[in-house]
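Here, each number is a calculation from the coordinates, and none is a lab measurement. Because the structure is predicted, anything quoted here is derived from the model rather than measured. Don't worry about glycine lacking a Cβ; one is built from the backbone with ideal geometry, like all the others, and counts go over all protein chains shown.
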Amino acid sequence: MPVLTIMPSGKNIEAAEGVSILQAILGAGEPLLHKCDGKAECGSCHIFVLEGRKSVSKIQRQENEKLDTIVGVGSKSRLACQTILGSENVTVEVLSFN
Ligand code: FES
């Protein structure tokens with residue numbers, strides 16, 4: 001089971017392999033905006049994946065196109081709803097709360 005570390009709070013949560021980072025964060029009772037409910041349409045779940053990037057799912061076209069429209073995107077940017085956890089631990093930085 002991968003451990004997901006959420007920055008800036010530093011909270012560690014145990015997450016299941018194969019779930020999205022959005023599902024893992026919300027399932028742990030942590031806040032993260034998700035206006036389109038995980039359809040890669042709103043961009044509000046934008047996060048930075050700081051560690052463990054090789055373990056998570058690769059960016060698909062729809063996510064890539066949405067990221068292109070968001071201000072402040074960098075090489076570590078992902079949409080939490082489209083990023084599926086693998087077997088390794090991951091550290092993310094959450095940028096928006098609700
Ligand atoms: S929840 Fe809308 S893009 Fe992820």
Quiz item: By per-residue mean of other Cβ atoms within 10 Å, what is the highest-first order of 60-66, 2-8?
Solution: 2-8, 60-66
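Which order do the peptides 12-18, 31-37 take when ranked by the mean count of other beta-carbon atoms within 10 Å per residue, highest first?
Details: 12-18: 13.6, 31-37: 15.9.
Going by the mean number of other Cβ atoms within 10 Å, highest first, we get 31-37, 12-18.
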Practice problem: Can you spot the lysines whose alpha carbon is less than 23 Å from K39's alpha carbon? Ignore those fewer than 8 places along the same chain. | Solution: K54, K58, K66, K76
Quiz item: Tell me, what ³J(HN,Hα) does each residue in region 38-55 have, in order and in whole Hz, if you take phi through Karplus 6.51 cos²θ - 1.76 cosθ + 1.60 with θ = phi - 60° and put x for Gly and Pro?
Solution: x, 9, 6, 10, 9, x, 6, 8, 4, 9, 9, 8, 7, 9, x, 4, 6, 7
Quiz prompt | Structure-based [θ]222 nm, the chain - -39500 (n - 2.57) summed over DSSP H runs of at least 4, per residue, nearest 500 | solution = -3500 deg cm²/dmol
Exercise. Calculate how many DSSP beta bridges within region 3-94 are antiparallel, expressed in % of all such bridges and rounded to the nearest 5.
Key: 75
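What does the charge count around T69 come to, taking other residues whose C-beta lies under 13 Å from its C-beta (Lys +1, Arg +1, Asp -1, Glu -1)?
Counting the neighbours of T69, the net charge comes to -3.
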Quiz item: P(r) of the chain in 10 Å steps, Cα pairs, percent per bin?
Solution: 18, 57, 24, 0
Quiz item: Build a GNM of the chain with springs between Cα atoms under 10 Å: which of V49, V19, V71 gets the top mean-square fluctuation?
Solution: V71
Self-check item: Extension reserve of the I84-S57 stretch, reckoned as 0.36 nm per residue once the Cα distance is removed
Solution: 9.2 nm
Exercise. Select from G27, G52, G43 the residue whose mean-square fluctuation is largest in a Gaussian network model of the chain (Cα-Cα springs shorter than 10 Å).
Key: G27
Quiz item: In debye to the nearest 20, how big a dipole does the chain give about its Cα centre with +1 on each Lys and Arg Cβ and -1 on each Asp and Glu Cβ?
Solution: 180
Quiz item: Using the alpha-carbon centroid of each, what span in Å lies between region 52-84 and region 19-50?
Solution: 11
Self-check item: Dipole of the chain, positive direction: furthest Cα of V71, H34, P8, with charges on the beta-carbon
Solution: V71
